[in-house]
Amino acid sequence: MIEVVDLYKSFNDHPVLKGINLRVDEGKTLALIGGSGKGKSVLLKIIIGLMRPDRGKVLIDNQDIGRLRGKALKRLKERCGIVFQGGALFDSLTVFENIAFPLEEKTRMKASQIRDTVMRELARVGLSGSETKYPAEISGGMKKRVALARCLVMNPEIVLFDEPTTGLDPLIGKAIHKLIRECQKSLNFTAIIVTHEIPAIFSMVDRVAMLFDGKILAEGTPGEIETTKDPVIHQFIHGELEGPITIQ
Ligand SMILES: Nc1ncnc2c1ncn2[C@@H]1O[C@H](COP(=O)(O)OP(=O)(O)OP(=O)(O)O)[C@@H](O)[C@H]1O
Ligand SMILES: [Mg+2]
C-alpha cells in the first residue's frame, strides 16, 4: 500500500506540491492526471524516494520512507520500480544489457540465470529477437517496452509509470496500456500511472486522482471522475478551452 500524507515541495520558492494526500491500496492501479508542469513527475519521484519532500511523508506498507536509512531503505527501494517519462535507457548498452543491468547491480544471480530472466522478460513485453539492438536502433514504442521489462525484471511490488504512452501512435499506445494491464494482473503489483490518455486510461485502472493547484482535487473510481459536476475536472477531462482552468 502507498500512502502520501500532507506532502509539500517547492523549488526556489515556487510551490509545486501544496499538501498532497493520496492512498493506493495493495494490488490496485491509480491513474494520476493533471496539467503539464504541475508536479506529477515530482510526486512520483518523492514517492519512490528519489527526491525529498519539504514536508509530509510517504508510507509504503506503513513504513515511513523518509525515516529509513541504510539497508532498510535499500531493501524498500528494491521493492519499487519506476518507468521514467523518457524511458531513461542507457544508450551505450544493448536492449539485453539494459534489462540485465539491475540484475547485475542488485542481485547475485549467475550469468546463465540472468540470461534466462532477461529472455523471459523480453518475451513478456513482445521483444524477443531485439536483444542485440541499441536504443538508437529501436522505435519509441519498443523503448517503452524495454523500460517496462527493465523495471519488471526485479519483480517489484510497486510500479510507478510516468506517461508510458506519450509520444506513441494511438495503436501502439493502446498495446502498451494492454501490456501494462496484463503485467499488472499476472504480477499483481500496486501501480500509479501518470497519463494524459483520457478517457482511454479509465477502463484500465481502479481509481483516478486529479492533481490541480498542488493538491489532489478529486479521487474516485473512473466512473465517479467521468461523471463529476466539478467544473475544473469536467473541463480537464473533456479538453475544453473554456472554463475555470486558464491556459497560459
Ligand atoms: N529538479 C528540479 N528543480 C527545479 N524545478 C523542478 C525540478 N523538477 C521539477 N521542477 C519544477 O516542478 C514543476 C513540476 O514539474 P513536473 O515535472 O513534476 O511536472 P509534470 O506534472 O510531470 O508535467 P508533464 O505532464 O509536462 O510531465 C515544474 O514547474 C518544474 O519546472
Ligand atoms: Mg512529468
Test for L168: is it of a type outside the set (S, T, N, Q), in contact with a helix residue (DSSP H, G or I) (Cβ under 6 Å, 6 or more places away or on another chain) and at pLDDT 90 or above:
no
I'm trying to understand the selection: among the residues of the stretch 214-227, which are closer than 25 Å to M1 by Cα and assigned to a loop (DSSP other than H, G, I, E, B)?
G214, T221
Among the residues of the stretch 32-58, what is the count of those that are more than 14 Å from ligand 2 (Cβ to nearest atom) and either touching a helix residue (DSSP H, G or I) at 6+ places or on another chain (Cβ under 6 Å) or at pLDDT 95 or above (or both)?
7
Restricting attention to the stretch 163-184, which residues are touching a residue at least 40 places away in the same chain (Cβ under 8 Å) and buried (at least 23 other Cβ atoms within 10 Å of the Cβ)?
P164
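Suppose we filter the stretch 209-227 for residues that are among the β-branched types (V, I, T) and either closer than 17 Å to S36 by Cβ or surrounded by 17 or more Cβ atoms within 10 Å (Cβ to Cβ) (or both); how many remain?
Qualifying residue count for the region: 2.
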Could you grab me the full set of residues in the stretch 75-96 that are touching a residue at least 60 places away in the same chain (Cβ under 8 Å), hydrophobic (A, V, I, L, M, F, W, C) and in contact with a strand residue (DSSP E or B) (Cβ under 7 Å, 6 or more places away or on another chain)?
C80, I82, V83, F84
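Which count do you get for residues in the stretch 228-248 that are assigned to a helix (DSSP H, G or I), touching a strand residue (DSSP E or B) at 6+ places or on another chain (Cβ under 8 Å) and open to solvent by 40 Å² or more (accessible area, probe 1.4 Å)?
Count: 1.
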Looking at (1) under 17 Å from A88 (Cα atoms); (2) among the polar types (S, T, N, Q); (3) surrounded by 15 or more Cβ atoms within 10 Å (Cβ to Cβ); (4) more than 16 Å from ligand 2 (Cβ to nearest atom), which one does S139 not meet, given that it meets all the others?
(3)
Taking the conditions exactly as written (open to solvent by less than 10 Å² (accessible area, probe 1.4 Å), within 16 Å of ligand 2 (Cβ to nearest atom), of a type in the set (A, V, I, L, M) and more than 23 Å from L103 (Cβ to Cβ)), does L160 satisfy them or not?
no
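Looking only at strands (runs of 3 or more DSSP E) that fall completely inside the stretch 9-99, which ones have 3 or more residues that are within 22 Å of H177 (Cβ to Cβ)?
By residue number, 29-34, 80-83.
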Restricting attention to the stretch 31-40, and to residues there that are crowded, with 18+ Cβ neighbours inside 10 Å and within 8 Å of ligand 1 (Cβ to nearest atom), which single residue is farthest from L7 (Cα to Cα)?
G34
Scope the stretch 103-125; condition surrounded by fewer than 14 Cβ atoms within 10 Å (Cβ to Cβ), at pLDDT below 90 and in contact with a helix residue (DSSP H, G or I) (Cβ under 9 Å, 6 or more places away or on another chain); matching residues
K106
Within the stretch 67-102, which residues are open to solvent by less than 30 Å² (accessible area, probe 1.4 Å) and farther than 23 Å from A136 by Cβ?
L68, L76, C80, G81
Just checking, how many residues over the stretch 154-192 are within 16 Å of ligand 1 (Cβ to nearest atom) and not β-branched (V, I, T)?
8
For the stretch 2-23, enumerate the residues that are surrounded by 22 or more Cβ atoms within 10 Å (Cβ to Cβ), touching a residue at least 60 places away in the same chain (Cβ under 8 Å) and more than 11 Å from ligand 1 (Cβ to nearest atom).
I2, I20
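The values are calculated or read from the model by the stated rules, or taken from the named source; none is laboratory data. Owing to the predicted nature of the structure, the values given are computational and were not obtained by experimental measurement. Because the Cβ atoms are built from the backbone with ideal geometry, glycine has one as well, and the counts that use them run over all protein chains shown. Heavy atoms of the whole protein, side chains included, go into the accessibility calculation; ligands, DNA and RNA do not. Shrake-Rupley method; radii C 1.70, N 1.55, O 1.52, S 1.80 Å.
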